[in-house]
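The values are calculated or read from the model by the stated rules, or taken from the named source; none is laboratory data. A quick note: this is a predicted structure, and the numbers were derived from the prediction, not measured. Neighbour counts are summed over all protein chains in view; Cβ atoms, including those assigned to glycine, are modelled from backbone coordinates with ideal geometry.
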Amino acid sequence: MRDPLFSLPRPASSRWPGMEKLMHFDLRKIGLPEVPFLGAQEVLRSRKGVGEHIHDGAMEFCYLIHGEQVWHVEGRDYRIRGNEIFLTYPDEPHGSGKNQTGKGRLYWFHLYLPGKNKTFLTLDAREAAPLVRALRHLPRRSFRADPRLQTIYEDIITTFLAPDMPLKKLRVATLLLEWLQIVIECAHAAEAPSHTPDIQRVLDHCRKRIDENLTLPEMAGVAGLSLPRFKAKFKQQVGIAPMEYFMRAKVDQAGNLLKDPRHSVTDVAYQLGFSSSQYFATVFKRFTNHRPRDCRGTGERTERTESVG
């Protein structure tokens, strides 16, 4: 299926050839100094995490479209999934911690908030003040997003790239202001139950049957939904596809088991329902970018895994 964003007439760059697609833009070029960086990234397979860093004077908004990633800030890990936002404040150290960068699509940008009596995204100081105040005092740094944000973000990029568009600066600024207003609403929204009862039953079923090989029809049956409806509803609420969620849960459990030197890689593979230790090692590396043996505890049985991971 053709990707409408990464098929735009602009070459995408990448620091990780074959592992990601990446495009980024400097909105200062159209007269918006508040946004020196706006990017879109598709991570095609798990890779090394992002080292700790800061953004001098800038907030960073990370909007994960699909997949799962972990961010580490103030000594805590924040796991975000599809249609969730994570943000950091100016000069705040953050990174992936000890975590890998998982597969998924991320939209993110840096935003400089104005000083007192300064304009902001074409608004005069008086008009901008309530918005800036709200952005400085968001009640959460991680929260569910509104799906409209994806469309607006992609409209920002296509508008920026459009040649000879009249009033481009104003159009992009208007889209950014709409995006930020929706983000503020999302951050302040009452926390509704994250999963409806039918999807929660499937999540509970996956946890209880982590050692089995569940199928999509079985999961849909637990939810009491048709297969197409189940797949769409699950991804909407959980942020990733059902089978990806189940395999990630297996890999997470495997990581915990591998820390115990009494469990060999082969033991863990069969304990979690994998058909072979080789297939287990392939799945484990796909999601973590590590071989199972890299996560082993130390002990008398460790060497049994040397030819497997």
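Does segment 208-230 contain any residue that is among the β-branched types (Val, Ile, Thr), within 30 Å of Ser276 (Cα to Cα) and within 20 Å of the chain's Cα centre (by Cα)?
The initial filter retains those residues of segment 208-230 that are among the β-branched types (Val, Ile, Thr), namely 210, 215, 222.
Of the ones still in play, those that are also within 30 Å of Ser276 (Cα to Cα) are 210, 215, 222.
Subsequent filtering for residues that are within 20 Å of the chain's Cα centre (by Cα) retains none.
No, segment 208-230 has no match at all.
Does segment 236-248 include one or more residues that are in contact with a Ser or Thr (Cβ under 8 Å, 6 or more places away or on another chain) and either at positive phi or not hydrophobic (A, V, I, L, M, F, W, C) (or both)? Can you show your working first?
Filtering segment 236-248 down to residues in contact with a Ser or Thr (Cβ under 8 Å, 6 or more places away or on another chain) leaves 237.
Okay, now just the ones that are also either at positive phi or not hydrophobic (A, V, I, L, M, F, W, C) (or both), so 237.
Yes; the residues of segment 236-248 include at least one that is in contact with a Ser or Thr (Cβ under 8 Å, 6 or more places away or on another chain) and either at positive phi or not hydrophobic (A, V, I, L, M, F, W, C) (or both).
Tell me, which residue of segment 13-54 that is touching a Pro at 6+ places or on another chain (Cβ under 9 Å) and either of a type in the set (D, E, K, R) or modelled with pLDDT under 95 (or both) is nearest to Leu106 (Cα to Cα)?
Going residue by residue through segment 13-54, those that are touching a Pro at 6+ places or on another chain (Cβ under 9 Å) are 23, 26-28, 34, 52-54.
Checking which are either of a type in the set (D, E, K, R) or modelled with pLDDT under 95 (or both) leaves us with 23, 26, 28, 34, 52-54.
Working: Met23: 11, Asp26: 17, Arg28: 21, Glu34: 20, Glu52: 18, His53: 18, Ile54: 18 Å.
Per the criteria, the residue is Met23.
Go through (1) in contact with a helix residue (DSSP H, G or I) (Cβ under 8 Å, 6 or more places away or on another chain); (2) modelled with pLDDT under 90; (3) at positive phi and name the single condition Gly67 misses.
If we test Gly67 against (1) in contact with a helix residue (DSSP H, G or I) (Cβ under 8 Å, 6 or more places away or on another chain); (2) modelled with pLDDT under 90; (3) at positive phi, just (1) comes out false.
For segment 71-98, enumerate the residues that are farther than 28 Å from Leu131 by Cα and in contact with an Asp or Glu (Cβ under 7 Å, 6 or more places away or on another chain).
Hit for segment 71-98 is Gly97, nothing else.
Give segment 71-105 a look and list any residue that's of a type in the set (A, V, I, L, M) and surrounded by 22 or more Cβ atoms within 10 Å (Cβ to Cβ), or say none.
Ile80, Ile85, Leu87
List every residue pair whose Cβ atoms lie under 7 Å apart, where the two residues are 6 or more positions apart in sequence or sit on different chains, the first residue falls within segment 218-229 and is in contact (Cβ under 8 Å) with a residue 12 or more places away in the chain and outside any helix (DSSP H, G or I), and the second residue, located anywhere, is among the basic types (Lys, Arg) and surrounded by 14 or more Cβ atoms within 10 Å (Cβ to Cβ).
Filtered contacts from segment 218-229: Leu225/Lys233.
Within the bounds of segment 93-115, is there any residue that is under 22 Å from Ala189 (Cβ atoms), outside the structural domain of Pro242 (by TED's automatic domain parsing) and basic (Lys, Arg)?
No, that holds for no residue.
Among residues belonging to segment 267-300 that are surrounded by 14 or more Cβ atoms within 10 Å (Cβ to Cβ) and of a type in the set (Phe, Trp, Tyr), point out the one that is modelled with the lowest pLDDT.
Checking each candidate, the answer is Phe287.
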